[in-house]
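Notes for the one structure printed next.
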Amino acid sequence: MHALKVNTAGGSYPILVGRGLIDRADAFDPILPGRQVLVVTNDVVAPLYLDRVLASMADRAPATVVLPDGERHKTLGTFSDIIDALVNAGFHRDACIVALGGGVVGDLSGFAAACFNRGIACIQVPTTLLAQVDSSVGGKTAVNHVAGKNLIGAFHQPVGVIVDVNTLETLPEREFRAGLAEVLKYGIGLDEAFFAWLESNLAALLDREPLAVERAVTWSCAIKARVVAEDEREQGRRALLNLGHTFGHAIETHAGYAGDWLHGEAVAVGMWMAALMAEELGMIQPDQGHRIRALIDSAGLPTQPPTMSPDTWMDLMGRDKKVAAGRIRLVLPTGIGRSTLSAAYDDEALARTIAQTTPPND
């Protein structure tokens, strides 16, 4: 078991990465704050892992909520279902929500924990690659609005993150590859050594070789922990974790969260577009742009967005949370393992990037 730590202004919490952790009471006991526990999961994960997690906390007799699966359920209505369960169970401020599932379950559970009684504890137990390496760490919680992704939410750090990489064995191939996009993000934008490791070990990751997967998850969590410690509320460096996300969130919003585009797939396209734009602006060399795009392509991720008009692109990107003073700010690579958040780009370069990558209307 690998033990990492996230240090924030409000305190620190552990990230535990290993195999078989959901079956270990000693993983849960040290971070559970009280006797009242609500396990939130969904109808895909529950048949696989819920009973095992409940057994690890049997002395607390946890209550449960099983949500429908899918991004389209990441709404205020589903959030209210979790709040209703907490109220109906008679829970108090010393209660704890355990989020067992992917990013949707984690975001919903974290937001409910942030709001119930003005804040209760939350433990993240992510079961998808994307959630294990990204959304479970750092305390960003949210639900979607029809106008945009994650527009309603709060920063609320968990009291612990328990990453059992064995749960990835049941993850569908498409979901696994989508999660790889967030892994690649760390190498492309923040860590040159990790990028080089990914180039050499991508085949092993795609084959889900245990040592390679555990190494990638642990390395990704360590990068995320360092960035969150430096900038908990995304006022500076943490925004670099959004490489590809401004383009990607526009794709997801346009698709309506119906499952046609997974988050990681949209982010992969966004990183491809960011690399093209950075190369045109002279921020990266052509060979660097080629390496970035080759890594994304080799992971079997999409590289072309859906058909959208330029006006739709700009409208949806204009709703991004990084917009400042009416200006869309983009995270763009400045080298392998380096990136920057900037609004000082040529608008025509952005327009050409959109036109170059987006399929024309029939």
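The values are calculated or read from the model by the stated rules, or taken from the named source; none is laboratory data. Since we're looking at a predicted model, the values are computed, not measured. Neighbour counts are summed over all protein chains in view; Cβ atoms, including those assigned to glycine, are modelled from backbone coordinates with ideal geometry.
The set of residues from region 19-60 being in a loop (DSSP other than H, G, I, E, B) and among the basic types (Lys, Arg) comprises Arg19, Arg24, Arg35. Taking the stated definitions as given, is Arg208 surrounded by fewer than 21 Cβ atoms within 10 Å (Cβ to Cβ) and of a type outside the set (A, V, I, L, M, F, W, C)? For Arg208, the condition - surrounded by fewer than 21 Cβ atoms within 10 Å (Cβ to Cβ) and of a type outside the set (A, V, I, L, M, F, W, C) - is met.
Among residues of region 253-262 being modelled with pLDDT under 95 and within 15 Å of Gly103 (Cα to Cα), the one that is surrounded by the most Cβ atoms within 10 Å (Cβ to Cβ) is Tyr257. Considering only residues in region 135-175 that are more than 27 Å from Ser12 (Cα to Cα) and basic (Lys, Arg), the one that is modelled with the highest pLDDT turns out to be Arg174.
Here Glu348 meets each of (1) assigned to a helix (DSSP H, G or I); (2) under 27 Å from the mean Cα position of the chain (by Cα) with one exception, condition (2). Meeting the requirement of 1 or more residues that are without any contact (Cβ under 8 Å) to a residue 40 or more places away in the chain, out of contact with any His (no Cβ under 8 Å at 6 or more places or on another chain) and within 22 Å of Lys321 (Cβ to Cβ), the helices (runs of 4 or more DSSP H) wholly within region 149-262 are 210-230. So for region 264-271 (the condition being over 17 Å from Gly300 (Cα atoms) and either in contact with an Asp or Glu (Cβ under 7 Å, 6 or more places away or on another chain) or crowded, with 24+ Cβ neighbours inside 10 Å (or both)), does at least one residue qualify? Scanning region 264-271 turns up no residue that is over 17 Å from Gly300 (Cα atoms) and either in contact with an Asp or Glu (Cβ under 7 Å, 6 or more places away or on another chain) or crowded, with 24+ Cβ neighbours inside 10 Å (or both). One residue is enough: does region 112-134 have a residue meeting the conditions surrounded by fewer than 19 Cβ atoms within 10 Å (Cβ to Cβ), at pLDDT 95 or above, farther than 17 Å from Val44 by Cβ and hydrophobic (A, V, I, L, M, F, W, C)? Scanning region 112-134 turns up at least one residue that is surrounded by fewer than 19 Cβ atoms within 10 Å (Cβ to Cβ), at pLDDT 95 or above, farther than 17 Å from Val44 by Cβ and hydrophobic (A, V, I, L, M, F, W, C). Condition check for Asp51 on (1) farther than 26 Å from Asp164 by Cα; (2) surrounded by fewer than 15 Cβ atoms within 10 Å (Cβ to Cβ): one failure, at (1). Could we say that Pro172 is farther than 24 Å from Asp260 by Cα and surrounded by fewer than 19 Cβ atoms within 10 Å (Cβ to Cβ) here? No: the conditions fail for Pro172. Tallying residues that are assigned to a loop (DSSP other than H, G, I, E, B) and more than 11 Å from the chain's Cα centre (by Cα) within region 94-111 yields 2.
Results for (1) without any contact (Cβ under 8 Å) to a residue 40 or more places away in the chain; (2) loosely packed, with under 15 Cβ neighbours inside 10 Å; (3) of a type in the set (Lys, Arg), shown as yes or no for each residue.
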position	(1), (2), (3)
Ile284	no, no, no
Thr307	no, yes, no
Met314	yes, no, no
Tyr345	no, no, no
Ala351	no, yes, no
Gln356	no, yes, no
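When Arg319, Arg327, Arg338 are checked against the criterion of being loosely packed, with under 15 Cβ neighbours inside 10 Å and either touching a residue at least 12 places away in the same chain (Cβ under 8 Å) or charged (D, E, K, R) (or both), Arg327 stands alone in meeting it. Taking Ala258 as the residue in question, decide whether it is out of contact with any Gly (no Cβ under 9 Å at 6 or more places or on another chain) and of a type in the set (Gly, Ala, Ser). Judged against the criteria, Ala258 is not a match.
Please identify the pairs in which a residue from region 78-100 that is surrounded by 12 or more Cβ atoms within 10 Å (Cβ to Cβ) has its Cβ atom under 6 Å from the Cβ atom of a residue that is among the hydroxyl-bearing types (Ser, Thr, Tyr) and in a helix (DSSP H, G or I), counting only partners at least 6 apart or on another chain. Close Cβ pairs satisfying both conditions: Ile97/Ser109; Ala99/Ser109. Screening Arg72 with (1) crowded, with 17+ Cβ neighbours inside 10 Å; (2) closer than 21 Å to Gly153 by Cβ gives one miss only, at (1). Of all residues in region 61-83, exactly one satisfies the criterion of being outside any helix (DSSP H, G or I) and either in the same structural domain as His249 (by TED's automatic domain parsing) or of a type in the set (Asp, Glu) (or both), namely Asp69.
Rundown of residues vs (1) farther than 18 Å from Leu330 by Cβ; (2) surrounded by fewer than 23 Cβ atoms within 10 Å (Cβ to Cβ), yes/no style:
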{"site": "Glu234", "(1), (2)": "no, yes"}
{"site": "His249", "(1), (2)": "no, no"}
{"site": "Ile292", "(1), (2)": "no, no"}
{"site": "Leu295", "(1), (2)": "yes, yes"}
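Being aliphatic (A, V, I, L, M), touching a strand residue (DSSP E or B) at 6+ places or on another chain (Cβ under 8 Å) and outside the structural domain of Tyr49 (by TED's automatic domain parsing) holds for only one residue in Ala112, Ala222, Ala181, and it is Ala222.
Looking across region 129-143, the residues that are touching a helix residue (DSSP H, G or I) at 6+ places or on another chain (Cβ under 7 Å) and assigned to a strand (DSSP E or B) come down to Thr141, Ala142, Val143.
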